[in-house]
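Trainee: What follows is a structure written as structure tokens; I'll ask about it next.
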Amino acid sequence: MTHRIPVAASILATLIAAVMPAAAQTQPVAAKPAATSKTWAPPKTAEGVPDLQGVWTNGTDTPLERPQNLGAKEFFTEEEAAQRDKAAKEAAARAVGGRDTEPGTVADVHYDLTQFGLARFQSKTNANRRTSLIVGPEGRVPTLLPDAQKRQAARLAANREHQFDGPENRPLGERCILWPHEGPPMMPAGYNSNLQIQQGPGYVAVMQEMIHDVRVIPTDGRPHLAQNVRQLMGDSRGHWEGDTLVVDTTNFTDRTAFRGSSEKLHVVERFTRTDDNTILYQFTVEDPSTWDKPWSAEIPMSRIDGQIYEYACQEANYGMRNNLSGARVTEKEAAGKSK
């Protein structure tokens, strides 16, 4: 489920060229643009907009939510950050075959991550003194509203009762349809936290290494799709605010369920090129059926050398096959005993 096969960069250009433009105006977004250097200006494309193109990683050691013992502390000091990095290197030194041998940890028995160069300590991460990706004094995802808690409980109960009935009952990620990190909002993956951005007249395309989905984002001012058209990754519309690409996404399905969200999920993303090798990625999430207030996060993305590799998921997806075949054996044995 994790073989890596080269994917030609021309795939993005082909997808961009294949989509026909339309007219109208996108919705404005919340959140402020990132502060950029007064002496550095981003390169521009032939259309005169900031050039975000390239292969990037959003891999990070910073957790999404702030550890509770840190309270409202948003940033580590330089000394504290150095101590954290030292501890991470020591943990990496203890790792054998991609598995942390520290007492009390659980070994990854799927495969040896290091032979593929996929162990976390082998991947590039961004320097970041934040204590959490979520910004603000709370640093945590707001508590689910009561109705959202009931909705989530119903999902879990239905899953427990019917989780092995058939492939349609398995999680979208296990079925190689969609992984939660692909977004929007885009989150760091467990490994292969890489993506490629390509631009064309009126479009920006983002291709994820896992599961190699491509999100084609119109920037030509067209409106969102009608509300009765729902998509797992929502309907994205982009526009430029100065040097920042702002992407507004609506029209999600209730199956997307980002951290318990409903189909009313609304995501605003901001991509700001801050130097030759960095894009500051910021997002704000809101869903009045799930949380009582919006919440925001930011992740610095670093340029990496090389190309994107296809995550060949379905070709070796023996986990789902084994789960379902095992369930059928169990059912057959139970039927035999009842007779």
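The values are calculated or read from the model by the stated rules, or taken from the named source; none is laboratory data. Computed from a predicted structure; not experimentally measured. For neighbour counting, all protein chains shown are included, and Cβ atoms are generated from backbone atoms with ideal geometry for every residue, glycine included. Accessible surface is based on the protein model in full, side chains and every heavy atom, while ligands, DNA and RNA are left aside. Shrake-Rupley method; radii C 1.70, N 1.55, O 1.52, S 1.80 Å.
Trainee: Send over a whole-number figure in Å² for the accessible area per residue of region 183-320, probe 1.4 Å.
Mentor: Heavy-atom SASA per residue in region 183-320 reads 34 Å².
Trainee: Rolling a 1.4 angstrom probe over the protein chains, ignoring ligands and nucleic acids, what is the accessible area of Lys264 in square angstrom, nearest 10?
Mentor: Accessible area, nearest 10 Å²: 120 Å².
Trainee: Just to verify a number: what accessible area does Arg129 come out at with the full protein assembly present, 1.4 Å probe, Å² rounded to tens?
Mentor: 100
Trainee: Sorting Glu174, Glu138 by accessible area (1.4 Å probe), largest first, what list results?
Mentor: Listed by decreasing accessible area, they come as Glu138, Glu174.
Trainee: Taking R0 as 45 Å, what's the FRET efficiency between Asp292 and Asn317 from their Cβ-Cβ distance, rounded to 0.05?
Mentor: Calculated transfer efficiency: 0.70.
Trainee: Right, something else. Based only on Cα atoms, what Rg/Rh ratio does region 260-339 have, Rh being taken as Kirkwood's radius?
Mentor: 1.28
Trainee: What is the spin-label model distance, in nm, from Lys339 to Arg255 if the labels are put 7 Å beyond Cα along the C-beta direction?
Mentor: Output for this residue pair reads 3.5 nm.
Trainee: Taking H as built 1.01 Å from N, whose amide H comes closer than 5 Å to the amide H of Met301, not counting residues under 5 places away?
Mentor: Ile279, Leu280, Tyr281
Trainee: If I compute solvent accessible area with a 1.4 Å probe over the protein chains, what percent of it on region 167-227 is carbon and sulfur?
Mentor: C and S fraction of accessible area: 56 percent.
Trainee: Tell me the label-point distance for the pair Asp165, Gln307, using the 7 Å Cα-to-Cβ offset, in nm and rounded to one decimal.
Mentor: 4.4
Trainee: Now, a different point. Give the ranking of Arg160, Arg270 by solvent-accessible surface, highest area first, calculated with a 1.4 Å probe.
Mentor: Arg160, Arg270
Trainee: Largest first, what is the accessible-area ranking of Glu331, Glu65 with a 1.4 Å probe? Spell out each step's value before the answer.
Mentor: Working: Glu331 95, Glu65 50 Å².
The residues order as Glu331, Glu65, largest area first.
Trainee: How large is Rg/Rh for region 152-298, to two decimals, with Cα atoms and a Kirkwood Rh?
Mentor: Rounded to two decimals, Rg/Rh equals 0.98.
Trainee: Treating cross-link reach as a plain straight distance, find the aspartates and glutamates whose alpha-carbon is under 18 Å from the alpha-carbon of Lys86, omitting any fewer than eight places away in the same chain.
Mentor: Cross-link targets: Asp61, Glu78, Asp100, Glu102.
Trainee: Measuring from label point to label point, each 7 Å out along Cα→Cβ, what is the Ala327 to Asn228 span in nm?
Mentor: Roughly 3.3 nm, to one decimal.
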